Amino acid sequence: MPSRTRLTGGQPPQARRIPVSVVHHGETLTDDYGWLRAVNWQQVMRQPDTLDPEIRSYLEAENAYTEETLAGTQAMQDVLFKEMKARLKEDDRQVPQPDGPYEYFPRFVTGGQYAQLCRIPRGGSPDDATVLLDGNTEAAGKQYWDLGGATHAPDHSLLAYATDDKGSELYTIRFRDAATGKDLPDEIPDTRGGMQWSADGRHLFYVKVDDNQRPQFIYRHALGQPASDDALVYSEPDSGFFVGLESTQSRRFILIDIHDHETSEVHLIEADNPLAPPRLVAPRRKGHEYGVEHHGDKLIITTNSGGAEDFRIVTAPLDDPAETNWHEIVHHKPGRLILENNVFANHMARLEREDSLPRIVVTRLSDGETHSIAFNEEAYALGLSAGYEFDTTRIRFVYSSMTTPAETYDYDMQTRARMLRKRQEIPSGHSPADYVTRRLFAPTADGELVPITLLYRKSTPLDGSAPLFLYGYGAYGIAMPASFSTGRLSLVNRGFIYAVAHIRGGKDKGYRWYSGGRMKAKTNTFKDFIAAGEYLVAQGFTKRGHIVANGGSAGGMLMGAVANMAPDLFLAIIADVPFVDVLNTMLDKDLPLTPPEWPEWGNPLANAEEFAVIRSYSPYDNVTAKNYPHILALAGLTDPRVTYWEPAKWIAKLRALNSSDNLVLLKTNMGAGHGGASGRFDSLKDVALNYAFALTVAGLAEAGA
C-alpha cells in the first residue's frame, strides 16, 4: 500500500495570520485565524451573499485547490456515485401509516431528489395516492431545500409543513389545503422544531428562535390571522435550554419539552383547550431527565430519578403529577437503557438497549404481562414506530444489520403476530451471504471494553493487508446503530474492512458509557477510538498507518483529536463538518449552541478547571508541528451547528504546521449547512467524494472501477 497519494494540486492557499490574544483564567489564548469568523455571521446564515469578500475569496481558493487536487479522482467519484445510485430503488415508498380514514406515507419517484408526501383512503392502494406535497416541485430552482417537518390536521383537511432553502435551519411554516393543493396565505418565518395541532385543527403550536437562532419560544398560531398576532405561550428564560414540541400518543396533550443535555422539564397543553395556559409536570432539577406519556387518568413517565441512570418508568396521577406521587412500574436495571416508551390504549411498548443490542419490550397494561422482541445476529439495528393511532394493538419496527437490508414489520402486541410489510430492495443486487458482520470488543487502558462492529466481504484477506475504514462519533449519548448502508458496500467491495467503534460519549452500553465520555472524562472518547484502531491492528485485520478514520460534527472533533494524539495510526482522516474549535466556541456565549452545550463539554467561561480540560484536547488548539496523515475536511457555509470557520481555521493551522507531505484539504459547500447537499442523489456525491479520497490514498482507486 503506498504511503502517500499520487494526487497533486497547485500551490495550496495560505491564510493570512492576524494574531489576536485574549486572557481567560490567567491564561493567554492567541488565535492567528480568528478573522475567518465573519462579524455578521448571523446575517450570513440568512443571506449567504453578505459574507465578507476576503473570507469568501479564501474559502473559494480552498475549494479550487481541493477540486484541482482531487481532479484525478473524478472518474472514481463518478463510478461510485453511479453504483450507489443504482442501489437505490428510485420509485420507492414507505409502508403507509393508518390514521382514521386515511393512511399517510412518503414516496420517491424515478429521478426525483426529494420525497412526495402522500395519502390514500384507509385500505386503499398506494398506486392511487393523492400527493399532498411534492418536494421536487417545491425545490425546483433552489440550490438547497429541506423539509423540516410536516403534520396533518386532526380532521385531515390541512397540512402544516416547514421548509428551509438555505441550510441555516431557519424554517418557514406554511399551510396547504389537502383538497385543493393550494397554500393558505398564512406564513410563519424563523421557526425550528416540532409543530402540533390543537384538537379542533384551528390552532398550530410551533417553536420560534431568538436572534441567536436558539429555539426559545412556543407560539400559538390561529389560522387566518397574521403571524405577527400569534400568541406567546412559553418563553424560556435560560439561554442554556432549548424548547421543543411533542404530543402524547393519546393526542390528549401537547407537550412542551424543555431541555439541555442533562436536565429536562415538561409542560402540558390540553389539545382540546388550546387557549388554556400550559401546566407543569415536574420542575427542572439539574441532572433529572424525564419524558411523559398519557393513559386514562394517569401520566406514564420515563425518568432517571432516584439514581436510575438508565431510566425507570413510573405512573403519576393526572390531577397531581408531582414527584412525590410517582409510583414505579418498571424498575431500573443498570446497563439496560430505556430509550423510548410508547403508550397505547391497552399496551405499552418500549425500546431499550442492553449489551450494545436493542430490543422491544411489550407490556399489557391490564395485567402487566411482558414479552420481548429481539434478534439473533451478533450486531443489528432496530427502530420502533408508534404510528398515529392510540386505540390499536399494532406497532411497526424496522430491523437491519450491516449485511441485512432494512425489513419493515407490523407487529400485533396482543397476538404477537409479525407481518413483513417491506424488505429494502437493492435494484443492482445484493447477496448478504457474500459479507460478514462481526462484533468485537477492544480493551482500553482503564479496563473497559469498546464494542466494534465489522463489515467485510468473505473474500477479504484477514492477514493485515486490507485497509480499514474506522467510523466513530461518541457524543451527546447518541449510539451508533449497526445498520445497513448501501453506500459503504462500495468500500468493502473494493477491499476495505468497514468498522464502527461504539466509543464512550454514546449510550451504546448504557448511560454510564455516556457519562464516561463527556465533560472532564471527554478524552476517554478519543482514547477509546485509538484503542479500537490499535486492537484491530493487533488482531491482524489491518496494519498501523492503513486506517482511514471518519467522523462528522462532534465526531469531527474526534477526528481532530485523534489526528493530534496518534497521527501515525492513520493513513487519512475525513472530517465532516468537524467541531474542532471547541475552546473558542465554548467561550463564545453568543453562538447558537454554546450555552446549551456547556453541560456536555463544560463552561470554560465560568470554570477554570473546565477551561483547562477543554484546552487540553480542543483539536484546533493542539495542532503542533508534526507529521499528520492525509486530511480532508468538509464544511457548510450556512451551518448553525458547526460554523464554517471552525474547519476553515483548523485547516489553515494544519497546513502551516504539518511537516509531512500528506494532503490537507478543505471543501466548503457554499450553498448548504450542517447536513451537506439536500437532495438524495446530490448527497451521494458527497459520499462518493469521501470514498474516492479514501480509496485513492489507500491505493485501491482502480479496484472495481
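Each reported figure results from applying straightforward, stated rules to the coordinates on display, with no laboratory input. Since this is a predicted model, take the numbers as computed values, not measurements. When we count neighbours, we look across all protein chains shown, and the Cβ atoms used for this are built from the backbone with ideal geometry, even at glycine.
Farthest toward the dipole's positive end in the range 57-112, which of Gly112, Tyr102, Leu70, given Cβ charges of +1 (Lys, Arg) and -1 (Asp, Glu) about the Cα centre?
The residue sitting farthest along the positive end of the dipole is Tyr102.
Would you list which aspartates and glutamates come within 14 Å of Lys85, measuring only between C-alpha atoms, while excluding same-chain residues fewer than 8 positions from it?
Here the aspartates and glutamates satisfying the reach criterion relative to Lys85 are Glu425, Asp682, Asp686.
Once all Cα-Cα distances of the chain are split into 10 Å bins that start at 0, what whole-number percent is in each one?
Reading upward from the zero bin: 3, 14, 24, 28, 21, 9, 1, 0.
Order of Ser465, Ser250, Ser431 from fewest to most other C-beta atoms within 10 Å?
Ascending number of Cβ neighbours within 10 Å: Ser431, Ser465, Ser250.
I'd like to compare 156-164, 577-585: which one has the highest average count of other Cβ atoms within 10 Å, and what's the full order after that?
So the peptides 156-164, 577-585, ranked by packing, come out 577-585, 156-164.
Would you be so kind as to identify which of His152, Met519, Tyr388 lies farthest towards the positive end of the dipole of the chain, taking Lys and Arg as +1 and Asp and Glu as -1 on Cβ and the Cα centre as origin?
Met519
A 23 angstrom limit on the alpha carbon distance is what I want to check against. Which of Lys589/Lys667; Lys649/Lys685; Lys182/Lys685; Lys527/Lys626; Lys626/Lys653 exceed it?
Numbers: Lys589/Lys667 27 Å; Lys649/Lys685 25 Å; Lys182/Lys685 34 Å; Lys527/Lys626 19 Å; Lys626/Lys653 12 Å.
Over 23 Å apart, Cα to Cα: Lys589/Lys667; Lys649/Lys685; Lys182/Lys685.
Only bridges whose two residues both fall in the range 443-564 count here: according to DSSP, what percent of them are antiparallel, nearest 5?
Around 30 percent antiparallel, to the nearest 5.
Among Val361, Val343, what is the fewest-to-most ranking by other Cβ atoms within 10 Å? Kindly include the intermediate steps, with their values, before the conclusion.
Values: Val361 18, Val343 25.
With the sparsest Cβ surroundings first, the list reads Val361, Val343.
Summing +1 for each Lys or Arg and -1 for each Asp or Glu, what net charge is found among the other residues whose Cβ lies under 11 Å from the Cβ of Leu170?
Residues close to Leu170 contribute a combined charge of -1.
Which lysines does Lys422 reach when only Cα atoms under 17 Å apart count, and residues fewer than 8 places away in its own chain are ignored?
Output for Lys422: Lys89.
May I ask you to sort Lys286, Lys208 by Cβ crowding, counting other Cβ atoms within 10 Å and putting the fewest first?
Fewest-to-most Cβ neighbours within 10 Å comes out as Lys286, Lys208.
Find the centroid of the Cα atoms in the range 630-699 and in the range 445-493, then give the distance between the two in whole Å.
Going from one Cα centre to the other spans 21 Å.
Starting from the Cα gyration tensor of the range 1-92, take the square roots of the eigenvalues, sort them a ≥ b ≥ c, and report rounded, prolate or oblate (rounded when a/c is under 1.5, otherwise prolate if a/b is larger than b/c, else oblate).
Here the range 1-92 falls in the prolate category.
Taking Cα pairs under 8 Å and at least six residues apart, what relative contact order does the chain come out at, in percent?
Numbers: 1669 pairs, mean separation 82.2, N = 705.
Answer for the chain is 12 percent.
Using only DSSP helix segments of four residues or longer, with each worth -39500 (n - 2.57), what per-residue ellipticity at 222 nm results for the chain after dividing by its residue count and rounding to 500?
So the calculated ellipticity at 222 nm is -5500 deg cm²/dmol.
If you take all C-alpha pairs in the range 176-289, what percent of them are over 18 Å apart?
On the way: 3296 of 6441 pairs.
Cα-Cα pairs of the range 176-289 separated by over 18 Å account for 51 percent.
What's the center-to-center distance, using Cα atoms, between the range 223-249 and the range 66-117 in Å?
Their Cα centres are 34 Å away from one another.
Taking the Cα centroid of the range 504-575 and of the range 321-341, what is the distance between the two, rounded to the nearest whole Å?
32 Å
Taking the highest mean first, how do the peptides 523-530, 165-172 order by number of other beta carbon atoms within 10 angstrom per residue?
523-530, 165-172
Where the eigenvalues come from the Cα gyration tensor of the range 7-165, what are the semi-axes √(5λ) of the equivalent ellipsoid, largest first, in whole Å?
Ellipsoid half-lengths, sorted descending, are 45, 25, 14 Å.
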